[in-house]
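Every number here is computed from the coordinates shown, using simple stated rules; none is lab data. This structure is a prediction, so every number in the text was calculated from the model and none was measured. Every residue, glycine as well, gets a Cβ built from its backbone with ideal geometry; the counts of neighbours run over all protein chains shown.
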Amino acid sequence: MTTMQDDLPHPVPPYAQLRYKENYFFLLFAPESRSFGAIHLNHEPGHDRARYTANMEIDGRSIRYANSTAFPTDFELAHSIGDGALSLAFVEPHRRFDFRLKTGEIDLELQFSARQPTFDYAACRTAGNPAPSFQEVMTLGLNLPYNHQQQALNASGRARFADGHEVKISGSGYRDHSWVMRCDSGGHTHDWCGFNFPGRSFGIKTISTLHRPGAVAKEGYVADEKGVRALRHIEARREGEMADGLCERLVHELEDVFGNRYTIESDIAARFAHVPLVSEAPGGKVAYHIVENFCPLTLLETGERGEGLVEIGRSSAVGGAFA
C-alpha cells in the first residue's frame, strides 16, 4: 500500500550523508603545565576538503585555530600534513609525531612519543564482545570501510605567545587515527575516551545512532606491562548532571579478554579544562555537538590516579549545544 506522504518529497535520512574521511586526532593532557588541547586533522576527498583545527587551553589562555583547504594533492603516504600554520610530521610512525602551530598569537611545538603500542580496533571483532561493532552501527551493516587505531602517548614541548610569555609543556596524551565511512551528523549520543594511568592506558568508545538508537556499539582496549588487549565487556554509567547538561561523573565498568576487571571514574565536574570539537555539520538541521573534557581519573580497584579525555557528543535531536 502506498501512502499520501510517499507521493511527496521525502525526509533525508541521516545515512544519506555517509562519507569517507581520514582523521588524525591528537590529545594533550599536561595538568602540571596547565596545558590541554585537541588537535584535529580531517580529510574528506569526496568533498575536496581538508579541515585543520586546534582547540587548546595553554596556561589559562584559550587558543582556537581553524582552517579549511582543498584536499591535498600529495596526501597519499605523505610524511607530513597540514596547512602551513598547523602541521603534523610523522617522524617515526607509531613512535614519534611532531606537531606545530604557528600563528600571530602563538608559536606552539609539541613532540608526541609512544607511551604504549598502537591498538587496532579490528581486534575487538574477535574478542567475544556481545555489543555490536562500530563498523556495523556506523556503516549500517554494509561492511563498508571502518578502520580505527589508538595509541597512548607522552607529550613535551613549549608554547611562546606573541607577548613573550613562554610555557614549557610536559604531560601525556593519545592519538586516534581512522580511515572510515561515517556520518557524524547521524549520531545520537556517544562517549569517546582515552585514559592514562602511571602503569596502564585505556581507550573506550560507545555510540548510538539516529537510525538505530537502541543499538549501542562498544569497543575498547587496555595496555599495560602485560601487553595490549581488547576489552570484552564495557558498561558506561553517567551520574549526576551539571548546568550544561553534562554528567558530573562517567563510570566505566570494564572486563578484558582474560577476565580482568577495571572500574574507572572520570570526574567531569572537576575537569581541568574543556574545549569544543566542531562536527561535520555544526549548523545543520540535525547538528551534532561535541565537547572535550580533560578530567582527573580514579581506577577504583587500586586507587590509582590518572588523567584523560572524556569526549561526549549528542545530537540536537537529544539536546542543545553544550556550554
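Taken along the Cα-to-beta-carbon direction at a fixed 7 Å, the label points for ASP83 and HIS211 span 3.0 nm.
Let me have the 222 nm mean residue ellipticity of the chain computed from DSSP H runs of 4+ only, each contributing -39500 (n - 2.57), with the sum over all residues rounded to the nearest 500.
-500 deg cm²/dmol
So I have (i) 48, 22, 16; (ii) 30, 25, 20; (iii) 42, 27, 16, and one of them is semi-axes √(5λ) of the Cα gyration tensor in Å calculated from this model. Which one is it? Correct label is (ii). At a Förster distance of 35 Å, what's the computed FRET efficiency of ASP6 paired with ALA70, Cβ-Cβ distance as r, to 0.05? E(calc), rounded to 0.05, equals 0.30. Each Cα pair under 8 Å and six or more residues apart adds its sequence gap; the mean of these over the residue count of the chain is a relative contact order of 15 percent. When both region 182-221 and region 91-133 are represented by their alpha-carbon centers, they are found 16 Å apart. Placing pseudo-labels 7 Å out from each Cα toward the beta carbon at GLU304 and HIS94 gives an inter-label distance of 2.3 nm.
Each of MET1, MET138, MET56, MET181 has some number of other Cβ atoms within 10 Å of its Cβ, and from fewest to most they run MET1, MET181, MET56, MET138.
Each residue in PHE202, PHE119 was given a count of other beta-carbon atoms within 10 angstrom of its own, and listing them fewest first yields PHE119, PHE202. The simple Förster model, with R0 at 51 Å and r as the Cβ-Cβ distance, assigns LEU142 and PHE258 a FRET efficiency of 0.95.
Computed about its Cα centre, the charge dipole of the chain is approximately 240 debye, with only Lys, Arg, Asp and Glu carrying charge at their Cβ. In region 1-78, Cα pairs under 8 Å separated by at least six residues give a relative contact order of 21 percent.
Phi angles across region 102-114 convert, under the Karplus curve 6.51 cos²θ - 1.76 cosθ + 1.60 with θ = phi - 60°, into 3J(HN,Hα) values of 10, 10, x, 9, 8, 10, 10, 10, 10, 10, 9, 10, 5 Hz, Gly and Pro given as x.
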